[in-house]
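I have placed the structure first, in the form of structure tokens, so that the comments after it can refer back to it.
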Amino acid sequence: MNGPKEHLMILDMIAEGKITPAEAEELFKAMGEIKTTASDSPTPASPQPPSPPLPPSPPQHPSNSQPFKELVTALREAGIDHITISDLQEVQSHKLTAEYIREMRALGLEPDGLGEWINLRIHNITPRYVRELRNMDLKNLEVDELIELSLHDVSARYISELHELGLKDLDIDELVELSNNDVSAKYIAELRASGLKDLEVDELIELSQHDVSPKFIAELREQGIKDFDVDDLVELSNHDISPKYVSELKKLGIKNFDIEDLVELGTHNVSPEFIAEMQALGFKNMSVEDLVELSIHNISPDFLKTLSDVGFKDLEIDSVVELGIHNVTARYLLEMREAGLGDADIDEFVELRIHNVTPRFVREIREMGFNDIPVDDLVELNIHRVTPRFIREMRQKYGEGLSLENLLDMRIHGVDEDMLEELRSAGIRVSR
């Protein structure tokens, strides 16, 4: 700060009433701006251009340089012997005083540079707050630790309440995490009263983060859910398994379940409404495993109702699940029946769907005179691409008397002299 620009900045601050002329003079002295006179110096000083005159202090800011002198002295005692104009503005703005600096240093706090002192004031870290923390055995705290505690509302009272519950050996990070996650002393005491004793800090935080309340725990116990740990409670809460949900399951006759079963039901969105609709369609006495299987494979009550409407009634859970797994829709079943497969069972329909045997394929094969074809044969024909077009082509070449077995052999092995001789021996007229 040795140029005319810095001089003008100080003069502007005086004119704006931010500092008094006396304070400006002290600032110049602190930064070595005002040189010693010739009588005070062992060697003659070189001529200096006259400094611009200081304007008078505004009436509303009477000159009083003593607090400023004390601040400069306190800063020097704290090891700060150089400040800039912007530093001075920060000091003035955040009311950093000599008294504050000395009180904090008396408490053993030694901030590293003016920036840390300003940070303490910005975050309203008072000597009283530091003393109260020290009384809670939090000694030798760094500036960033004090600020972290203050930012997360970790008060001496909060620490004292934790101590009363036996939580005395907590470090700064644990205190901040507990406070940041709204883990109050009251919450901890209520958890203990509900039977959760000797909880670790991370368990307390986990329960709070997932909104596991003492009321939630008490209501679960009322529903007969008593054997659980922290992980179980978190899982139940995560999947919206409420005591009300458990009660509704029991009313529907679903009673033999444990924590894992409840989590499975919640994971797969098995609602009491879903269960009630399934029961109304005749699926009673379903196990948790049955319900989960139905949900996993998107077996809806509407799907089952449609199956019933097209004549598929009294199906077993396993059969319904098979239909869902292989995307055997009610429409597919209806069209297959209309194509002539009225006597096929669920397993056969699944087999046909797996091998992409379509209702159109079945209908065209039957229209070519092949009636009452077993499902296995339809699958075999489709696998080897014995299509209606192929059959027509073979009939044009070798006559109408070809059996499905002949056609399948032709597709698999081709047509050679041995094949032709075999056809003739079977009484089939073979045209060339």
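The values are calculated or read from the model by the stated rules, or taken from the named source; none is laboratory data. As the structure is a computational prediction, the values presented were derived from the model and not from experiment. Here the Cβ positions follow ideal geometry from the backbone for every residue, glycine too, while neighbour counts run over all protein chains shown. We work out accessible area using only protein heavy atoms, side chains counted, and drop any ligands, DNA or RNA first. Shrake-Rupley method; radii C 1.70, N 1.55, O 1.52, S 1.80 Å.
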Conditions (1) touching a Lys or Arg at 6+ places or on another chain (Cβ under 9 Å); (2) farther than 23 Å from VAL357 by Cα; (3) surrounded by 16 or more Cβ atoms within 10 Å (Cβ to Cβ) -> ASP261 fails only (1)
Could you list all residues from the range 170-211 that are within 19 Å of SER155 (Cα to Cα) and in contact with a Ser or Thr (Cβ under 8 Å, 6 or more places away or on another chain)?
-> ASN181, ASP182, VAL183, TYR187
Out of the residues in the range 305-314 that are surrounded by 13 or more Cβ atoms within 10 Å (Cβ to Cβ) and over 15 Å from ASN327 (Cβ atoms), which is modelled with the lowest pLDDT?
-> VAL310
So which residues in the range 272-286 are at pLDDT 90 or above, within 22 Å of SER319 (Cα to Cα) and open to solvent by less than 50 Å² (accessible area, probe 1.4 Å)?
-> PHE274, ILE275, ALA276, MET278, GLN279
Among residues of the range 326-345 being touching a helix residue (DSSP H, G or I) at 6+ places or on another chain (Cβ under 8 Å) and aliphatic (A, V, I, L, M), the residue farthest from PHE361 (Cα to Cα) is ALA330
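Residues checked against (1) open to solvent by 20 Å² or more (accessible area, probe 1.4 Å); (2) hydrophobic (A, V, I, L, M, F, W, C):
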site: GLU70; (1), (2): yes, no
site: ILE101; (1), (2): no, yes
site: PRO111; (1), (2): no, no
site: LEU120; (1), (2): no, yes
site: LEU141; (1), (2): yes, yes
site: HIS152; (1), (2): yes, no
site: GLU164; (1), (2): yes, no
Inside the range 369-417, can you point out the residues that are aliphatic (A, V, I, L, M), open to solvent by 30 Å² or more (accessible area, probe 1.4 Å) and within 23 Å of GLU335 (Cβ to Cβ)?
-> ILE383, LEU404
Can you tell which of PHE361, PHE370, PHE349 is under 51 Å from the mean Cα position of the chain (by Cα), over 19 Å from ASP318 (Cβ atoms) and of a type in the set (Phe, Trp, Tyr)?
-> PHE361
Any idea which residue in the range 52-72 is modelled with the lowest pLDDT, counting only those that are assigned to a helix (DSSP H, G or I) and more than 25 Å from ASN124 (Cβ to Cβ)?
-> GLN66
Condition test on VAL362, is it crowded, with 18+ Cβ neighbours inside 10 Å and closer than 30 Å to ARG389 by Cα?
-> yes
Give me the pairs: first residue in the range 241-258 and charged (D, E, K, R), second residue not in a loop (DSSP other than H, G, I, E, B), beta-carbon distance under 6 Å, and six or more apart or on different chains, which are they?
-> GLU248/PRO272
May I ask you to say which residue of ILE217, ILE225, ILE147 is part of a helix (DSSP H, G or I), over 22 Å from the mean Cα position of the chain (by Cα) and buried (at least 19 other Cβ atoms within 10 Å of the Cβ)?
-> ILE217
Any idea which residue in the range 287-299 is farthest from LEU252 (Cα to Cα), counting only those that are surrounded by 15 or more Cβ atoms within 10 Å (Cβ to Cβ) and of a type outside the set (A, V, I, L, M)?
-> HIS297
So, of the residues in the range 180-201 that are open to solvent by less than 20 Å² (accessible area, probe 1.4 Å) and in a helix (DSSP H, G or I), which turns out to be nearest to LEU138 (Cα to Cα)?
-> ALA185
